[in-house]
Amino acid sequence: MQSGGQVLSTGELAIGGVSTSALAQAYGTPLIVYDEAVIRKQISDYKEAFQAVRAEFRLAYACKAFCSVYMCKLAQDEGLWLDVVSGGELYTAIQSGFDTRHLLMHGNNKSMEELKLAISSQIGLIVIDNFYEIELLGQLLEEAQANMDVLIRVSPGVDVHTHDFISTGQQDSKFGFDLYSGQVEEAVTAIRCQPRLRLMGLHAHIGSQIFDAEGFRVAAERLADLSKKLVREYGVVTHILNLGGGLGIRYTAEDTPMPLETLVEEVVLAARAAYEHDGLSLPLIMLEPGRSIVAEAGTTLYRVGSRKEIPGLRTYVAVDGGMTDNPRLALYGAKYEAVIANRLDEPRSEVVSVAGKACESGDMLIWDAPLQKAQPGDLLAVFCTGAYNYAMASNYNRITRPAVVFVRDGAARLVLRRESYEDLLRLEATL
Ligand SMILES: *Cc1c(COP(=O)(O)O)cnc(C)c1O
């Protein structure tokens with residue numbers, strides 16, 4: 001059973017002490033259910049891992065993985081910073097009452113409006129991605145008579161073995177300043193010409209769903225070399241070393257991520273060794289986990305509907321959601337595990353492919369899933385859907401977005417209500 005899941009004597013799956021049948025009954029389907037204890041445990045594991053290696057650290061939750069007012073409040077309650085990548089995420093964080101001094105903003109094309117909102121709400125850090133942004137931000141800060149702490153996003157030339165679309169640290173990337181062509185040094189010079197920008201350190205995010213420490217270690221070593229050069233040639237001290245997010249999680253038995261504690265330990269020890277080798281002390285280490293905070297805590301409940309058996313070929317079982325609430329198979333070929341949540345006491349007697357209800361053949365949730373025999377009306381639970389699912393949901397086919405609930409200590413709390421047909425019309429200018 002996945003983290004957080006329990007089997008009741010009735011043969012039903014429970015999450016956080018609440019039966020999934022009761023949740024589906026109360027809130028409808030599809031429904032994304034978060035086990036809050038699992039989220040908080042991940043956060044405390046990160047904290048303990050840093051404390052164990054005695055590193056000064058800062059954790060920022062990358063809220064693009066799942067962003068809502070309640071999740072921002074939870075992050076604040078846990079003492080995290082929050083990583084935002086757009087005006088919309090920034091606005092959500094502000095509306096949640098998040099301490100704006102603990103927000104940091106990313107983006108390879110931050111708009112003037114987004115930067116203005118970041119400045120007026122006095123966020124803690126902006127990660128500078130390109131030359132255009134240095135000029136624009138400098139000018140906007142001058143107009144606002146404000147200052148801003150910034151990091152430089154470096155593209156460290158690290159190729160991690162993950163899907164091309166979620167690999168971001170290689171040289172040929174739209175993100176950050178290239179380490180090898182002298183761009184980073186040019187950016188340092190440009191930032192130093194902007195009196196309202198305070199350069200606090202360096203940032204690299206090498207990718208996502210990464211299973212070991214190797215890529216982080218190489219990135220940390222390259223940034224340590226760079227820090228040494230920046231001190232020597234520019235007198236610039238790296239106070240913050242932000243190594244991004246990207247720690248992988250176990251979606252299926254094929255995934256074997258390194259335990260979080262081991263990864264943090266290896267990364268910190270490698271970074272410390274690299275800095276000390278260069279005669280520098282280790283800066284404050286920042287990580288920005290998104291997926292590893294929320295993915296395993298989330299489970300999506302669907303109602304089983306139609307079934308199509310193609311003799312000798314395949315059986316499709318269709319559910320009442322699909323790529324509109326989880327596009328990750330369509331986007332990345334992502335794999336998931338599932339169960340029939342109301343028949344856990346029955347054997348997995350068939351292998352079926354789970355299809356969504358949208359008008360796309362690519363709208364699949366799982367190919368060849370071993371499952372308990374599914375009947376119309378049964379509940380299908382797909383595990384590890386807490387990251388980049390709701391966040392990537394769409395209204396394709398005018399299918400409404402699911403509701404989201406958080407369960408904790410046997411009680412459920414509605415966090416995002418189900419989208420209604422009226423909601424679908426709320427942008428119509430000519431009703
Ligand atoms: C997406 C992203 C993250 C979070 O990545 P996860 O794989 O979800 O941990 C962190 N930092 C940056 C800059 C990102 O773009």
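The values are calculated or read from the model by the stated rules, or taken from the named source; none is laboratory data. As the structure is a prediction and not an experimental result, all values here were calculated from the model. Methodologically, a virtual Cβ is constructed for each residue, glycine included, from the backbone with ideal geometry; neighbour enumeration extends over all protein chains shown. These accessible areas exclude ligands, DNA and RNA; they are computed on the full protein's heavy atoms, side chains included. Shrake-Rupley method; radii C 1.70, N 1.55, O 1.52, S 1.80 Å.
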Legend entry - Meets criteria (in contact with a Gly (Cβ under 7 Å, 6 or more places away or on another chain) and either away from the ligand (no atom under 15 Å from the Cβ) or closer than 16 Å to Ser292 by Cα (or both)) for Phe98: no
Inset, instruction - Exactly one condition in (1) in contact with a Gly (Cβ under 7 Å, 6 or more places away or on another chain); (2) open to solvent by less than 10 Å² (accessible area, probe 1.4 Å) is not met by Val354; state its number. - result: (1)
Legend entry - Qualifying residues in the range 402-431 (those that are assigned to a loop (DSSP other than H, G, I, E, B) and open to solvent by less than 60 Å² (accessible area, probe 1.4 Å)) - the one nearest to Leu74 (Cα to Cα): Gly410
Legend entry - Odd one out for Gln170 among (1) more than 12 Å from the ligand (Cβ to nearest atom); (2) open to solvent by less than 60 Å² (accessible area, probe 1.4 Å); (3) at pLDDT 95 or above: (3)
Inset, instruction - Return the pairs, sorted by first residue and then second, in which the second residue is open to solvent by less than 50 Å² (accessible area, probe 1.4 Å) and of a type in the set (A, V, I, L, M), the first residue lies in the range 8-29 and is farther than 17 Å from Ala403 by Cβ, the beta carbons are less than 6 Å apart, and the residues are 6+ apart or on different chains. - result: Leu8/Ala14; Gly11/Leu344; Leu13/Ala341; Leu13/Leu344; Leu13/Ala381
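Here's the yes/no breakdown for (1) touching a residue at least 24 places away in the same chain (Cβ under 8 Å); (2) touching a helix residue (DSSP H, G or I) at 6+ places or on another chain (Cβ under 8 Å); (3) assigned to a loop (DSSP other than H, G, I, E, B):
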site: Val154; (1), (2), (3): yes, yes, no
site: Gln170; (1), (2), (3): no, no, yes
site: Lys174; (1), (2), (3): yes, no, yes
site: Val188; (1), (2), (3): yes, yes, no
site: Leu202; (1), (2), (3): yes, yes, no
site: Phe216; (1), (2), (3): yes, yes, no
site: Ala220; (1), (2), (3): yes, yes, no
site: Lys228; (1), (2), (3): yes, no, no
Legend entry - Test result for Leu125, within 20 Å of Leu197 (Cα to Cα), open to solvent by less than 10 Å² (accessible area, probe 1.4 Å) and within 18 Å of the chain's Cα centre (by Cα): no
Inset, instruction - Would you point out which residue out of Ala24, Ala60 is over 21 Å from Ile285 (Cα atoms) and either assigned to a helix (DSSP H, G or I) or not polar (S, T, N, Q) (or both)? - result: Ala24
Inset, instruction - Go over the candidates Glu296, Glu337, Glu309, Glu288 one by one and state the one that is more than 17 Å from Thr252 (Cα to Cα), among the acidic types (Asp, Glu) and in contact (Cβ under 8 Å) with a residue 60 or more places away in the chain. - result: Glu288
Inset, instruction - Can you give me the number of residues within the range 90-125 that are of a type outside the set (Gly, Ala, Ser), closer than 24 Å to Phe177 by Cβ and in contact with a Lys or Arg (Cβ under 8 Å, 6 or more places away or on another chain)? - result: 3
Legend entry - the range 87-121 - residue that is part of a loop (DSSP other than H, G, I, E, B) and open to solvent by less than 30 Å² (accessible area, probe 1.4 Å) and, of those, farthest from Ala146 (Cα to Cα): Ser96
Legend entry - Flag if Ala387 is in a loop (DSSP other than H, G, I, E, B), surrounded by fewer than 16 Cβ atoms within 10 Å (Cβ to Cβ), among the hydrophobic types (A, V, I, L, M, F, W, C) and modelled with pLDDT of 95 or more: no
Legend entry - Any pair with Cβ under 6 angstrom, 6 or more apart, that starts in the range 234-255 at a residue that is in contact (Cβ under 8 Å) with a residue 24 or more places away in the chain and aromatic (Phe, Trp, Tyr) and ends at one that is within 14 Å of the ligand (Cβ to nearest atom) and not in a helix (DSSP H, G or I): Tyr251/Cys384
Inset, instruction - For the range 64-72, indicate whether the set of residues that are within 26 Å of Tyr302 (Cα to Cα), out of contact with any helix residue (DSSP H, G or I) (no Cβ under 7 Å at 6 or more places or on another chain) and of a type in the set (Val, Ile, Thr) is non-empty. - result: no
Inset, instruction - Within the range 223-241, identify whether any single residue is in contact with a Leu (Cβ under 8 Å, 6 or more places away or on another chain), within 11 Å of the ligand (Cβ to nearest atom) and open to solvent by less than 10 Å² (accessible area, probe 1.4 Å), and answer yes or no. - result: no
